[in-house]
């Protein structure tokens, strides 16, 4: 064999070994990444579902609006209604439905107020008689 052929054979063998080592290093790195990605964190144990989880946010609607308005109307409680434009009106709730509230006032005209115009309704001290 020619000495140049022998050196090319050893070069090919060494480059083959280098490629295999490189593949092994890449494999180890990938296995390490995948292994760490599956590991639990913050002391959680796999299969341990009874641990406390983060609090869920409160619901958007409690569906207590109708009960609250019914109670105020039945007892004829005086209420303050703050409107979206900043006005505050006082009276008692005589009627309500899905879209509006009727506010009865003494000495002033009664109001039909759309619910989307109400910022909040608060009870006033005292009872209407």
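Just a few scattered comments:
- Contact order relative to length of segment 65-127, as percent, for alpha carbon pairs under 8 angstrom and 6 or more apart: 34
- Which of 111, 24 has the fewest Cβ neighbours within 10 Å, and the rest in rising order: 24, 111
- Label-to-label distance for residue 77 and residue 64 is 1.1 nm, based on points extended 7 Å past Cα in the beta-carbon direction.
- Distance-filtered residues of segment 60-91 - backbone nitrogen under 14 Å, label point 7 angstrom along residue 117 Cα→Cβ: 81-90
- Bins of 5 Å, starting at 0 and running to the largest distance - Cα pair percent for segment 76-129: 5, 22, 33, 28, 11, 2
Laboratory data are not the source of any read-out in this text; all were calculated from the coordinates shown. Keep in mind that what you see is a predicted model, and the values were worked out from it rather than measured. For neighbour counting, all protein chains shown are included, and Cβ atoms are generated from backbone atoms with ideal geometry for every residue, glycine included.
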